[in-house]
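Contents: one structure, followed by commentary.
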Amino acid sequence: MAAKNILHMLTPHKHVSPFDVNMALDAGYDSVTPYENVSLDEVTDIVQDIIFSRPPDRGVNSAVFFGGDDAVLALDMIDAAKSALVPPFGCNIMADPAGSFTTAAAMVACVEKNLKDKAGKSLADVSIAVFGATGVVGYCSAVIAALEGATVKIVGYSGLDRVKKRADEMQERFGVEIQPVDGSSDEKNAAAIADVEVIFSAARAGVQVLSLGQLQTAKKLLVAADVNAVPPLGLEGIDVMANGAPIDGTDAFGIGALAVGPVKSNTEHGLLKRMIEADEVQSLDFRDAFQLARTLVS
Ligand SMILES: NC(=O)c1ccc[n+]([C@@H]2O[C@H](COP(=O)([O-])OP(=O)(O)OC[C@H]3O[C@@H](n4cnc5c(N)ncnc54)[C@H](OP(=O)(O)O)[C@@H]3O)[C@@H](O)[C@H]2O)c1
């Protein structure tokens, strides 16, 4: 009899995300079990309970998924889960807190495609300003782009201190050099975008990060992407549906949240399906999400 594919969905929050439950069952899982209010120090016991319940060759049919809304905690939970494995006993491991790993992957992949199609450039050729990088989507977008060789700055709307801590954490965990920048006034934001070819806007839903007038001052701008679908949008002048549409008064192109959304959903679906279908156990974070997303947009 074929082994059932079982997903254990863990979150530090009160509820797991219904979005992720639906995605997992639609991807083909036979069963999805929620575990709520899970702390980092509980991950080892839960993972070992999962792996020792089945013979080693059934490890590929078990998976643990980390939700929440904190990229650093989710990455720590992945590390704890990997350390808890006792070969030959294993299981699949994936995280996508608040959909951020796959959203960031999708946004960066859409930008990469537009850069290539419209300007013949790669991520390694450009400088990027990321807004919202103390949040989960902005954090992952900044790291993915930096790992691809982009020059990345993260802009702090509340000043330099918190983005500096973020940049230090990114450096320690991923070895990437990211420049923290003070974005606590309109003038400072304008200065932050003056020399960049790309803008990622990943701020809180319903918050305008830059006006069209500000975007028009960014003379080197090639592509700007926004993942906020709730009015007011993060970048004025870029429609939610825009998928490489010209931005008025600039030579740049815009990508809106609803152009990123389907790529995000297909990426999450694809990673979940990969865990079901792979012959070896998988461990998947936003780097794997990006590798998949760039194939989906090409
Ligand atoms: N299109 C999609 O498929 C999709 C999927 C998931 C999420 N999203 C969207 O992606 C965006 C980011 O999501 P997230 O989960 O990363 O959100 P988040 O964790 O709440 O982070 C949002 C970021 O915005 C910052 N922020 C808060 N108020 C701000 C302000 N007034 N001006 C500038 N920045 C401000 C936050 O700073 P603090 O650290 O101070 O809070 C944080 O850095 C949201 O708009 C969300 O709706 C889109």
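Each value in this text was obtained by applying a stated rule to the coordinates, not by laboratory testing. Worth saying up front: this structure is predicted, and the values here are computed from it rather than measured. Positions of Cβ are backbone-derived with ideal geometry, glycine not excepted, and every protein chain shown enters the neighbour counts.
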- How many percent of DSSP beta bridges within the chain run antiparallel, rounded to 5? 10
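Where nothing but the Cβ of Lys and Arg (+1) and of Asp and Glu (-1) is charged, how large is the charge dipole of the stretch 102-260 around its Cα centre, in debye to the nearest 20? If you can, show how the numbers build up before the last one.
Working: 14 positive and 19 negative charges, 39 e Å.
For this selection, approximately 180 debye.
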- Query: Roughly how tilted is helix 257-277, in degrees to the nearest 10 and between 0 and 90, from the longest Cα axis of the chain?
  - Reply: 20
- Add -39500 (n - 2.57) for each DSSP H run of 4 or more in the chain, then divide by its residues: what number comes out at 222 nm, to the nearest 500 deg cm²/dmol? -13000 deg cm²/dmol
- Task: Putting +1 on Lys and Arg Cβ atoms and -1 on Asp and Glu Cβ atoms, find which of 249, 265, 190 reaches farthest to the positive end of the dipole of the chain.
- Result: 249
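Taking neighbour counts of Cβ atoms within 10 Å as a proxy for exposure, in what order, fewest first, do 29, 157, 35, 139 appear? Don't skip to the answer; put the middle values down first.
Values: 29 23, 157 19, 35 16, 139 27.
Ranking 29, 157, 35, 139 by Cβ neighbours within 10 Å, fewest first, gives 35, 157, 29, 139.
Taking the Cβ of residue 238 as the centre, find all other residues whose Cβ is under 11 Å away and add up their charges (Lys, Arg: +1; Asp, Glu: -1). Let's see the in-between values first.
Values: positive: none; negative: 226, 236, 239, 248.
For residues surrounding residue 238, the net value is -4.
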- Message: To make sure I understand the rule: partners must be aspartates and glutamates, Cα under 12 Å from the Cα of residue 116, and not fewer than 8 residues away in the same chain. Which ones qualify?
- Response: 125
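Would you mind working out the magnitude of the charge dipole of the chain relative to its Cα centre, with +1 at each Lys and Arg C-beta and -1 at each Asp and Glu C-beta, to the nearest 20 Debye?
Values: 24 positive and 39 negative charges, 85 e Å.
Approximately 400 debye in magnitude.
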- Query: Which translational diffusion coefficient, to the nearest whole µm²/s, is obtained for the chain from the Stokes-Einstein equation, given a Kirkwood hydrodynamic radius over C-alpha pairs, 10 °C and 1.306 mPa s?
  - Reply: 81
- Give a residue-ordered list of calculated ³J(HN,Hα) values for the stretch 180-189 (Karplus: 6.51 cos²θ - 1.76 cosθ + 1.60, θ = phi - 60°; whole Hz; x for Gly, Pro). x, 9, 6, x, 8, 8, 4, 5, 5, 5
- Note on the structure: Two pseudo-spin positions, 7 Å from Cα along C-beta at residue 258 and at residue 217, lie apart in nanometres by 3.1
- Let a ≥ b ≥ c be the square roots of the eigenvalues of the Cα gyration tensor of the stretch 6-95; is it rounded (a/c under 1.5), or, if not, prolate (a/b larger than b/c) or oblate? oblate
- Note on the structure: Ordered by fewest other Cβ atoms within 10 Å, a rough proxy for footprinting exposure, 14, 113 read 14, 113
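By how many nm would the segment from residue 124 to residue 14 grow when fully extended, if each residue of separation counts as 0.36 nm and the alpha-carbon distance is taken off?
On the way: separation 110, 0.36 × 110 = 39.60 nm, distance 4.01 nm.
Contour length minus the Cα-Cα distance gives 35.6 nm.
Using a simple charge model, +1 on the beta-carbon of Lys and Arg, -1 on the beta-carbon of Asp and Glu, nothing else, what dipole does the stretch 6-95 show about its Cα centre, in debye to the nearest 20? If you can, show how the numbers build up before the last one.
Numbers: 4 positive and 13 negative charges, 55 e Å.
Dipole magnitude for the stretch 6-95 comes out near 260 debye.
Please compare each pair in 188/264; 164/219; 14/113 to a cut-off of 29 Å on the Cα-Cα distance and tell me which ones are over it.
On the way: 188/264 31 Å; 164/219 26 Å; 14/113 38 Å.
Beyond 29 Å: 188/264; 14/113.
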- Message: Using 0.36 nm times the number of residues separating residue 41 and residue 162, minus their current alpha carbon distance, what extension gain do you get?
- Response: 41.0 nm
- Considering only 56, 16, 83, whose Cα is most displaced toward the positive end of the charge dipole of the stretch 6-95, charges sitting on Cβ of Lys, Arg (+1) and Asp, Glu (-1)? 56
- Taking H placed 1.01 Å from N in the peptide plane, check which residues at least 5 places from residue 154 or on another chain put their amide H under 5 Å from its amide H. 130, 179, 181
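Can you pick out the pairs among 4/82; 165/220; 121/153 whose Cα atoms lie more than 26 Å from each other?
Details: 4/82 22 Å; 165/220 28 Å; 121/153 19 Å.
Checking Cα-Cα distances, 165/220 exceed 26 Å.
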- Residue-wise HN-Hα coupling along the stretch 137-148, computed from phi with Karplus coefficients 6.51, -1.76, 1.60 (Hz; x: Gly, Pro): 5, x, 4, 5, 4, 4, 5, 4, 5, 5, 5, 7
- Note on the structure: A student applying the Cα gyration tensor rule (rounded when a/c is under 1.5; otherwise prolate if a/b is larger than b/c, oblate if not) would label the stretch 182-298 prolate
- Item | Cα shape, the stretch 102-260, gyration tensor, a/c 1.5 rule | rounded
- residue 25-residue 177 pseudo-label distance in nm [points 7 Å out on the Cα-to-Cβ vector]: 5.0
